[in-house]
Amino acid sequence: MKTKSELLGKSTSAEVAHISPHGIWLLIKEQEYFLGFTDYPWFEEAKVADIHQLELLHDHHLRWESLDVDIELATPEAPQGIPAGIPELRPLV
């Protein structure tokens, strides 16, 4: 029997590693990402608890339910045709 997370396509391989005055550091599938408040202003005034409620859906879609924010990871696994209005996030190299 599948768990609720498996049915919804959720993964536990995404976490908020650090919140700085300039943005948020994420660790997703062993890749580091940075969401600067300049590029992602929705997070600047958000509560820390809301920022930590990060969900990784289908291995390429980040979701913060309480903030109503969705971000797609720019990976080879991500499907073509990302819906308009959903920003892409690229890993730090």
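Model label sites at Y40 and H18, defined 7 Å from Cα along the beta-carbon direction, differ in position by 1.5 nm.
Heavy-atom accessible area for E44, with the other protein chains in place and a 1.4 Å probe, reaches approximately 100 Å².
D68 exposes around 110 Å² of accessible area when a 1.4 Å probe is run over every protein chain in place.
The values are calculated or read from the model by the stated rules, or taken from the named source; none is laboratory data. This structure is a prediction, so every number in the text was calculated from the model and none was measured. As a convention, Cβ positions derive from the backbone with ideal geometry for all residues, glycine included, and neighbour counts pool all protein chains shown. SASA here: full protein model, heavy atoms, side chains in, ligands and nucleic acids out. Shrake-Rupley method; radii C 1.70, N 1.55, O 1.52, S 1.80 Å.
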